[in-house]
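Only one structure is covered here, and it is reproduced in the block below.
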Amino acid sequence: MAEVTTVIRNQGTSLAVREKLAADGKPVLLAFSCGKDSIAAWLAMRDMGIEVVPAYLYYVPGLRFVDEELDYFEQKFQTRIKRYPHPSLYRWLNNAVFQAPERLRYIEAARLPEPSYEQMWDFIRADVGLDKSTWCADGVRAADSIQRRGAFVQYGYWRRNLKKVSPIGDWLKGEVLDCISGHHIELPCDYAWFGRSFDGIDKRFTKVLKDKAPDDYATLLEWFPLLEVDHVR
């Protein structure tokens, strides 16, 4: 399959990035979101013979539609997807987002940590037995926005201080979708429901879940009981 890519000034190609990762012969972590770009990043690296170790950061535990999506991808890739709390979950709780007043003293007493994104991936590396120097890949692409293109021009595909790498950074949306369909992978229900992958607890997602997945909406309310305020705000 020929790549149809965008040009990132003075940064070479993502194919060269994947060739370098493959030549290193080491596992690569993948920040897997069930979104189209992370799916394509996984496929692109796997096609180069790179061992991919995927991890999913959940915003709220126990959502059935998320678990079903992860089960699907585990079966398609024949690979276990480890699951960990997203740093946003700690931040939302510590900041009492959509919380009832009677819960506040318990949240304060819990003194929950508030790890950064980088700290969480260091923990994941340790948990899965990978060296601290292991690269963490993502599906970030320069064509997503002007800001992301600017970041690629400035920093390139490799963020060496953060051990992050973007192995499909110069792909266009068409190449992403062609890669996914060419491997007979289905996009998750997120795209039919939200138009994008699930990544928050605001009205864009929760109002849809209230209609499409009432059991999962009930789970959200257990964690964030005043969630519906956002629907009428």
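In segment 91-117, what residues are open to solvent by 50 Å² or more (accessible area, probe 1.4 Å) and either of a type in the set (Lys, Arg) or under 18 Å from Val60 (Cβ atoms) (or both)?
Answer for segment 91-117, where residues must be open to solvent by 50 Å² or more (accessible area, probe 1.4 Å) and either of a type in the set (Lys, Arg) or under 18 Å from Val60 (Cβ atoms) (or both): Arg91, Asn94, Asn95, Arg103, Arg105, Tyr106, Ala110, Arg111, Leu112, Pro113, Glu114, Tyr117.
Pairs under 9 Å by beta carbon, first residue among the acidic types (Asp, Glu) and in a helix (DSSP H, G or I) in segment 21-34, partner modelled with pLDDT of 95 or more and surrounded by 21 or more Cβ atoms within 10 Å (Cβ to Cβ), six or more apart or different chains?
What qualifies is Asp24/Ile50; Asp24/Trp135.
Just to be sure, is Ile168 in a loop (DSSP other than H, G, I, E, B) and either among the β-branched types (Val, Ile, Thr) or open to solvent by 60 Å² or more (accessible area, probe 1.4 Å) (or both)?
yes
Report whether or not Val66 is modelled with pLDDT of 95 or more, part of a strand (DSSP E or B) and among the aliphatic types (A, V, I, L, M).
When the stated conditions are applied, Val66 does not pass them.
Count, please, the residues in segment 123-144 that happen to be open to solvent by 20 Å² or more (accessible area, probe 1.4 Å), over 17 Å from the mean Cα position of the chain (by Cα) and within 19 Å of Arg160 (Cα to Cα).
Looking only at that region, the number is 5.
Collect the residues in segment 86-127 that are aromatic (Phe, Trp, Tyr), touching a residue at least 40 places away in the same chain (Cβ under 8 Å) and closer than 25 Å to Val52 by Cα, keeping them in residue-number order.
Selection gives Trp121 alone.
Take segment 176-200 and flag every residue that is of a type in the set (Phe, Trp, Tyr) and over 17 Å from Asp144 (Cβ atoms).
Within segment 176-200, Trp193, Phe198 qualify.
I'm trying to understand the selection: among the residues of segment 200-213, which are β-branched (Val, Ile, Thr), assigned to a helix (DSSP H, G or I) and either without any contact (Cβ under 8 Å) to a residue 12 or more places away in the chain or closer than 16 Å to Trp92 by Cβ (or both)?
Thr206
Return yes when Leu43 is under 14 Å from the mean Cα position of the chain (by Cα) and open to solvent by less than 30 Å² (accessible area, probe 1.4 Å) and no when it is not.
no
A quick yes/no check of all residues on (1) touching a Leu at 6+ places or on another chain (Cβ under 6 Å); (2) over 30 Å from Val229 (Cα atoms); (3) not in a helix (DSSP H, G or I):
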residue	(1), (2), (3)
Leu104	no, no, no
Glu108	no, no, no
Phe123	no, yes, no
Gly139	no, yes, yes
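Taking segment 173-186 only, how many residues are open to solvent by 60 Å² or more (accessible area, probe 1.4 Å) and aliphatic (A, V, I, L, M)?
Number of matching residues: 1.
Restricting the search to segment 145-165, which residues are touching a residue at least 24 places away in the same chain (Cβ under 8 Å) and either open to solvent by 40 Å² or more (accessible area, probe 1.4 Å) or not hydroxyl-bearing (Ser, Thr, Tyr) (or both)?
Within segment 145-165, Arg149, Phe152, Val153, Gly156, Trp158, Leu162, Lys163, Lys164, Val165 meet the criteria.
If you take the residues of segment 214-233 that are open to solvent by less than 10 Å² (accessible area, probe 1.4 Å) and not in a helix (DSSP H, G or I), which of them is modelled with the highest pLDDT?
Filtering segment 214-233 for residues that are open to solvent by less than 10 Å² (accessible area, probe 1.4 Å) and not in a helix (DSSP H, G or I), the one modelled with the highest pLDDT comes out as Phe224.
The values are calculated or read from the model by the stated rules, or taken from the named source; none is laboratory data. What you see is a predicted model; the values in this text were computed from it and never measured. Glycine gets a Cβ as well: all are built from the backbone with ideal geometry, and neighbour counts include every protein chain shown. Each accessible area value is taken on the protein alone, full model and side chains, heavy atoms only, with ligands, DNA and RNA left out. Shrake-Rupley method; radii C 1.70, N 1.55, O 1.52, S 1.80 Å.
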